[in-house]
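A quick write-up on the structure given underneath.
Laboratory data are not the source of any read-out in this text; all were calculated from the coordinates shown. Remember, it's a predicted structure, so these values are computed and weren't measured experimentally. In this analysis, Cβ positions are derived from the backbone assuming ideal geometry, glycine residues included, and neighbour counts consider all displayed protein chains.
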C-alpha cells in the first residue's frame, strides 16, 4: 500500500522526524522534451493551438546603479543591500553572487515570499515567528511571534497586507505590512490549507479541508462566493481535497492542485472548470505561473514509504495549446526539494537536501549553475523576487539562514 503525501503541512511533520537522516548526492535530472507528444491537458472546451514557444533566455536589463561596492560580500543584517539592476536569466547566471546572509531565525525556514515591489521579504520559521525584512536597508522590519509555526504567506497586490496561515487551521491571519500589526482573522470551521490574493486585490481565496474554494472580502472578513470541485479521492489517499491554489497573472483563471492528482484550471468569470491536467498518481508540491501567464509550472513528488524510493519532477505546460513543454526529474532520497520559477519563465531554481541550489534553463532543460553557501542539510524554501533580480533561499536546522543571491555589480 502506498501512502500519498500532498500537503506541505504533512511534509513538515515528517521532515522533523526524518531530516537528520536525509542525504543527497549531486542530483542529475532526467530531462524530457514533450513538445511533440500528445498533450496531458484534457480540455472540456477546445483550446486554440498556439505557436507559443518557451520563453526567450534573453535577459531584461535594467539600468545598473553605481553604489559604493561593499568591501565584503555577503552582507549581514543591518547593512544596506545594493539595489540590483540586472534581471537573472539563463545567460548571466555565472555572475550571481551571495549578497547577504541573515542568521536571525536560527532554525528551519518554512516559507519565503517577496512583496510585489520586491522591497520586502516575509519569512516563517520553526522558531514560531513571522518576520519582515527590508531589502533596501538590510534591516528587520518586524518580528511577529506566534503560538506555533506558520507555513505560508502571501502579499496583497499593493503590498500593504500580508496573509499568513497554519496549514489545516480554522483561522488565517491578515497583517498590516507597514506596522507589522494584526488586522483581522478569517475563520472557517472546515479549516483552510493555503491562501492567495487575486491580482486585482479585491478578494482572497482559500481552499478548505472539506473541498471548497472560498472567496473572501478580506477587508471586512465576509465570504463572497465559493467553488466546489468534483473531487473523488482514492481509497488509500491521505490527501486533502485541495492543497494549493494560484491565480493567473491576469486574474481570469485559478489553478487548483487537488487531492485526486489533478490540477483544475477554473475560468473565474463563469465559475467553471475549463480544463484539467491529470497527473496519474503523482502528488503536488508547488504550482506557479510565469509572469505573462503563458506557462504553468507544476512540481510533483511521488513517495513510497516502504521502498524509500522517491521521485521529484517539474513539468512545464503551455496553457494556450495545452501541451507539455518539458519535464525534469530527480531521484531524491529525501522529502526535501524546493523549486521556484523566475518571473520571466526562463530559469528554474531547485534547492536540494545537500544545501545546494541548481539553476536550470527552462528552454533546454540544461543545468546552468550550482550555488553553494548553505551549510545545513537541506534547502527548505526558495523564491525569486517579482522583479527577477533576487533569489532568496532558506535552509533547515543546522544552518537556519536566509541567503540572498543576485548579480552584482
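Subtracting the Cα-Cα distance of residue 292 and residue 79 from 0.36 nm times their residue separation leaves 73.3 nm of extension gain.
Length available on full extension from residue 95 to residue 230: 0.36 nm per residue minus the Cα-Cα distance, which gives 43.8 nm. Would you mind classifying the range 319-387 by shape? Square roots of the alpha carbon gyration tensor eigenvalues, ordered a ≥ b ≥ c; an a/c under 1.5 is rounded, otherwise it is prolate if a/b is larger than b/c and oblate if not. Verdict is prolate for the range 319-387. Legend: ranking of residues 168, 155 from fewest to most surrounding C-beta atoms inside 10 Å; resulting order 168, 155.
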